[in-house]
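Q: Mind looking over this structure? Questions follow.
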Amino acid sequence: EKQGFKHFMLKEIYEQPGVVRTGIETYIDAAWSLENNGTSPIRLGLAPDLLQGLEHIQIVACGTSWHASLVGKHLLEQLANIPTMVQYASEFRYSPSPLMPNTLTIGVTQSGETADTLAALEMEQSRRSQQPDPQFQARMLGITNRAESSLARMVPHIIDTHAGIEIGVAATKTFTAQVMAFYFLALELAYIRKTLSSERIHAIVEEMRQLPAQIELVLESQERYIEELAHDFAETQDFIFLGRGINFPIALEGALKLKEISYIHAEGYPAGEMKHGPIALLDAKVPVVAIAMPGSVYEKVLSNAQEAKARDAQLIGVVPLNDAEAEDTFDSLLPVPKVDELLSPILTVIPLQLLAYHIAARRGLDVDQPRNLAKSVTVE
Ligand code: F6R
């Protein structure tokens, strides 16, 4: 069943080009083009009134799904211009924000069974059902990999991420599939709200179509190198992951993957926050992984990385292919193809998944069934 892979996690990492391809085939209208753009390029099959006249979006999720939601927030704000809040479901259910009008509430859960996420959605639905003013009516959407789940029964609309069953406890392909769902949703909203020109939508869609081949390239070109690199961390106890902007959630996700399967303490930080505390942790024993992709914060991340280097940290960079500046800054390079900054999380997460996997495998740990963790957390 593992089809020659040593663990399900590695098999699922390798399934990501296919998962991204399936998402594109399912949700992007292949007939849409710049000449034929009278309808939306996106086909989510949602009721039209669900997305009309939105003023706010709030998202509830846990764990890796919460990280995908943070990427989603960036996309919904940047592409569709809708103020978006992302909450931990376990926090939101007991300390909800004041009710906002014309709000879409999105629950993101790959399993569709996470107790806190379901309870947060139930709470939101119930408090809104007591509001007479139609502006405050609940508008609920689920993003899930299980179209038959409790989530799918609870909310009237879902986006099915179609990643196929994930067996490894650490979420990998379901994460990229969730991020893809947010691209589709953000583009649909951008189309409805006319926040992007047809040319820009077309350019993004065309770049999205390149992603499966680009993920394949990252997998093929880097796996051996990352397996080797993992040897360096046999004794390592702490890791820091840095990112900014749309790649800050990827720093969080890289740290979470490492923690849960290798049991190494790891923290993800927005790179600019490092000097406000965590920099005190740095020395030659704490490797720093920085995600530095071309775009609005590239130079900033490089200079944050240099600050870490000045404290003797071993510096690993997730960087664009063939970039001389990055090559000068980092001790080890995990290059990915240059893409539009907004699409980069789909590529930058791949080497971090492989890094966590190989460090854990090298330590001889049970990668697919890490201690104390369950695939879906159906208790509070
Ligand atoms: C991380 C991981 C967990 C889940 C979290 C939410 O690799 O698997 O953090 O992401 O338990 O699970 P779902 O998405 O099923 O609600």
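Q: Which percent of Cα pairs goes in each bin when the distances of the range 184-292 are cut into 10 angstrom slices starting at zero?
A: Going out from 0 Å in 10 Å bins, the range 184-292 shows 12, 30, 30, 19, 8, 0 percent.
Q: Continuing with the same structure: Residues with beta-carbon under 14 Å from that of E25, excluding E25: net charge, scoring Lys, Arg +1 and Asp, Glu -1?
A: Net of charged neighbours comes to +1.
Q: If packing is taken as the mean number of other Cβ atoms within 10 Å per residue, what is the order of 22-29, 67-74, highest first? Present the calculation step by step, with values, prior to reporting the outcome.
A: Numbers: 22-29: 18.1, 67-74: 26.0.
Final packing ranking: 67-74, 22-29.
Q: Whole number please: convex hull volume per residue of the Cα set in the range 17-75, in Å³?
A: Working: hull volume 8.2 nm³, N = 59.
Enclosed volume per residue, from the Cα hull, is 139 Å³.
Q: Compactness ratio of the range 230-282: Cα Rg over 2.2 N^0.38 Å, N = residue count?
A: Working: Rg = 11.2 Å, N = 53, 2.2 N^0.38 = 9.9 Å.
Normalised Rg, Cα atoms only: 1.13.
Q: List the pairs from K173/K259; K194/K375; K300/K338; K73/K375 whose alpha-carbon separation is above 29 Å, in the order I gave them.
A: K194/K375
Q: Nearest 10 degrees, 0 to 90: what angle lies between the long axis of helix 248-262 and the longest principal axis of the chain (Cα atoms)?
A: Compared with the principal axis, the helix lies near 60 degrees.
Q: Here's something else I'd like to know. Rounded to the nearest 20 Debye, what is the dipole magnitude of the chain about its Cα centre when Lys and Arg each give +1 and Asp and Glu each give -1 at the C-beta?
A: 680 debye
Q: I would also like to ask the following. For T39 and E207, what does the FRET efficiency come to when R0 = 25 Å and r is the distance between their Cβ atoms, rounded to the nearest 0.05? It would help to have the intermediate numbers written out before the result.
A: Values: r = 21 Å, r/R0 = 0.83.
The calculated FRET efficiency here is 0.75.
Q: Right, something else. Can you give the Rg/Rh ratio of the chain, where Rg is from the C-alpha atoms and Rh is the Kirkwood radius?
A: Radius of gyration over Kirkwood radius for the chain works out to 0.96.
Q: Return a whole-number percent for the relative contact order of the chain, with Cα pairs under 8 Å and 6 or more residues apart as the contact set.
A: Relative contact order of the chain: 19 percent.
Q: Then there's this: Between S197 and L321, what is the label-point separation in nm under the 7 Å Cα-to-beta-carbon projection?
A: 2.8 nm
Q: Calculate the dipole size of the range 160-298 relative to its Cα centre from +1 charges on Lys and Arg beta carbons and -1 charges on Asp and Glu beta carbons; express the result in debye to the nearest 20.
A: Charge dipole, the range 160-298, about its Cα centre: 580 debye, nearest 20.
Q: Quote the relative contact order of the range 163-315 in percent (integer), defining contacts as alpha-carbon pairs under 8 Å separated by 6+ residues.
A: Computed over the range 163-315, the figure is 18 percent.
Q: A follow-up question, please. Go ahead and run the numbers for FRET between K6 and A374, Cβ-Cβ distance against an R0 of 22 Å, rounding to 0.05.
A: The formula returns an efficiency of 0.50 here.
Q: Still on this model: Compute the distance in nm between two label points, each set 7 Å from the Cα along the Cα-to-Cβ direction, one at E227 and one at A47.
A: Inter-label distance under the simple model: 5.2 nm.
Q: Lys/Arg Cβ at +1, Asp/Glu Cβ at -1, dipole of the chain taken about the Cα centre: which of L217, V86, L365 is farthest positive-ward?
A: V86
Q: In degrees between 0 and 90, to the nearest 10, how far off the longest principal axis of the chain does helix 198-229 point, with axes built from Cα atoms?
A: With rounding to tens, the tilt is 30 degrees.
Q: Net charge near T161: determine it from the other residues with C-beta under 11 Å of the C-beta of T161, scoring Lys and Arg +1 and Asp and Glu -1.
A: Taking every Cβ under 11 Å from that of T161, the sum is 0.
Q: With everything on Cα atoms, drop me the angle between helix 298-309 and the longest principal axis of the chain, reported from 0 to 90° to the nearest 10.
A: 40 degrees
Q: Would you mind classifying the range 1-152 by shape? Square roots of the alpha carbon gyration tensor eigenvalues, ordered a ≥ b ≥ c; an a/c under 1.5 is rounded, otherwise it is prolate if a/b is larger than b/c and oblate if not.
A: Cα axes put the range 1-152 in the oblate bin.
Q: Next question, about the same structure. For K309, K338, write out the residues from largest to smallest accessible area, computed with a 1.4 angstrom probe and no ligands counted.
A: Details: K309 75, K338 115 Å².
Solvent-accessible surface, decreasing: K338, K309.
Q: Something else about it: What is the local net charge at V86, summed over the other residues whose Cβ is closer than 12 Å to its Cβ (Lys, Arg +1; Asp, Glu -1)?
A: Combined, the nearby Lys, Arg, Asp and Glu give -1.
Q: Just want the answer: with Cβ charges of +1 for Lys and Arg and -1 for Asp and Glu, which residue in Q314, H67, L151 is farthest toward the dipole's positive end in the chain?
A: Farthest towards the positive pole: L151.
Q: Taking the full set of protein chains and a 1.4 angstrom probe, give the accessible area of R311 in square angstrom, rounded to the nearest 10.
A: 100 Å²
Q: What's the whole-number percent of alpha carbon pairs in the range 116-215 lying beyond 16 angstrom?
A: Result: 68 percent of Cα pairs exceed 16 Å.
Q: Could you please put L34, L104 in sequence from largest to smallest accessible area, using a 1.4 Å probe?
A: Details: L34 60, L104 0 Å².
From most accessible down to least: L34, L104.
Q: Sticking with this structure for a sec: Rounded to the nearest 5, what % of the DSSP beta bridges within the chain are antiparallel ones? Intermediate results must be reported in sequence, preceding the final value.
A: On the way: 1 of 39 bridges.
Roughly 5 percent of the DSSP beta bridges within the chain come out antiparallel.
Q: A further question follows. Given the range 231-369 reduced to its alpha-carbon atoms as identical point scatterers, what log10 I(q)/I(0) does the Debye formula return at q = 0.09, 0.20 Å⁻¹?
A: For the requested q values the scattering log ratios are -0.23, -1.17.
The values are calculated or read from the model by the stated rules, or taken from the named source; none is laboratory data. If you're wondering where the values come from, they're calculated on a predicted model, not measured in any experiment. We place every Cβ from the backbone using ideal geometry, glycine too, and count neighbours over all the protein chains shown. Heads up: the accessible areas ignore ligands, DNA and RNA and are worked out on the full protein's heavy atoms, side chains in. Shrake-Rupley method; radii C 1.70, N 1.55, O 1.52, S 1.80 Å.
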